[in-house]
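All remarks here apply to the structure that follows.
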Amino acid sequence: MSSFTDRLSVETAGQVRALLERATAADGVAPVSEQAVLSLDSASPARHLVDTRDGVVTGYANLTPGHDEHPAMAEVAVDPQARGRGIGAALVAAALAAGGPGARVWAHGDLPSARAVAARLDLSVSRELWQMRRDLANPELPELTVPDGLEIRTYAGPSDDAELLRVNNAAFAWHPEQGGWSESEIAARRAESWFDPKGLFIAVDPAAPERILGFHWTKVHYDENPPIGEVYVVGIDPQAQGRGLGRLLTLAGLRYLDDRGLAAVLLYTEGDNTAAVHTYTRLGFVRFHTDIAYSAVG
């Protein structure tokens, strides 16, 4: 096994992408996040570790270094045909060691194989990320009523980026992945084939339209069969909390995804975020599966 590196060669990145696709097909859940996939080809703080056998990549670990009070986060994938050889456990152990004290590793879908690795390495659960879903036809979506003093519009282009970043980083200052975005994070997502400016909803006060109060960024997973929508990011300026903007913006995006002819929509939320879970439950979402972050005991 090689050591962690800041960048992968084009050939190795291609092999990792192919491995991730095979793992997704075999498990029914992607082994790493979108952020990890984007880091394969673009400048990113993430570091990479590959396990190679006979010139072929059989395992991959992605490590995002910790910052401030946030611990390092790792994600690991093993080629389905190479499992049962201890590759996953070795990659997880290496990532946690490189990440330093408090480092965590994601188990997307909390599959039995991940639980087995966690038991083998004596890891404990440190975080739960819920995927929630709802059918867009049932229950019927509520009507969208925008109160006086608010306006809902869509993304106007890069001129919105500075305000989007301000609101995002204020709303998610506590979040290890979503907080601390820079212009490159927005630019990378704007360059993705799924990006649709009509699916990025922004709330403003008509009396001060230059200041964003909150936003809802939707996404459509065209690679799913059938395609499924996503409540990708809902961010509310902390100074605008208490005005019902989370529900209002979420509903605006849901109605947009429904108009696109999609049958269902998903979202991710922290399992211990009681307010968010309550809001989404009232909008008809139910828990679909859980991602678990493990860390070393003690």
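The values are calculated or read from the model by the stated rules, or taken from the named source; none is laboratory data. Computed from a predicted model, the values in this text were never measured in an experiment. Note: ideal-geometry Cβ built from the backbone for every residue, glycine included; neighbour counts use all protein chains shown. Only protein heavy atoms, including side chains, enter the accessible area calculation; ligands, DNA and RNA are left aside. Shrake-Rupley method; radii C 1.70, N 1.55, O 1.52, S 1.80 Å.
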(request) Consider residue 280 carefully, then state whether it is over 17 Å from residue 152 (Cβ atoms), touching a residue at least 12 places away in the same chain (Cβ under 8 Å) and touching a Ser or Thr at 6+ places or on another chain (Cβ under 7 Å). (result) yes
(request) Would you please name the residue that is modelled with the lowest pLDDT, looking only at residues in the stretch 61-71 that are out of contact with any Leu (no Cβ under 6 Å at 6 or more places or on another chain) and crowded, with 17+ Cβ neighbours inside 10 Å? (result) 70
(request) Scan 152, 186 and give me the residue that is touching a helix residue (DSSP H, G or I) at 6+ places or on another chain (Cβ under 7 Å), aliphatic (A, V, I, L, M) and in a helix (DSSP H, G or I). (result) 186
(request) Just name the residue that is modelled with the lowest pLDDT out of those in the stretch 162-183 that are part of a helix (DSSP H, G or I) and surrounded by fewer than 16 Cβ atoms within 10 Å (Cβ to Cβ). (result) 183
(message) Please verify whether residue 6 is within 23 Å of residue 181 (Cβ to Cβ) and either without any contact (Cβ under 8 Å) to a residue 24 or more places away in the chain or surrounded by fewer than 15 Cβ atoms within 10 Å (Cβ to Cβ) (or both), treating the condition exactly as stated.
(response) yes
(request) Go through the stretch 9-45 residue by residue and tally those that are among the small types (Gly, Ala, Ser), open to solvent by 50 Å² or more (accessible area, probe 1.4 Å) and in a helix (DSSP H, G or I). (result) 2
(request) Inspect all residues belonging to the stretch 210-228 and state whether any of them is touching a residue at least 24 places away in the same chain (Cβ under 8 Å), open to solvent by less than 20 Å² (accessible area, probe 1.4 Å), under 29 Å from residue 39 (Cβ atoms) and assigned to a helix (DSSP H, G or I). (result) no
(request) Please specify each residue of the stretch 266-293 satisfying the condition of being farther than 29 Å from residue 103 by Cβ and open to solvent by 70 Å² or more (accessible area, probe 1.4 Å). (result) 278, 281, 282, 286
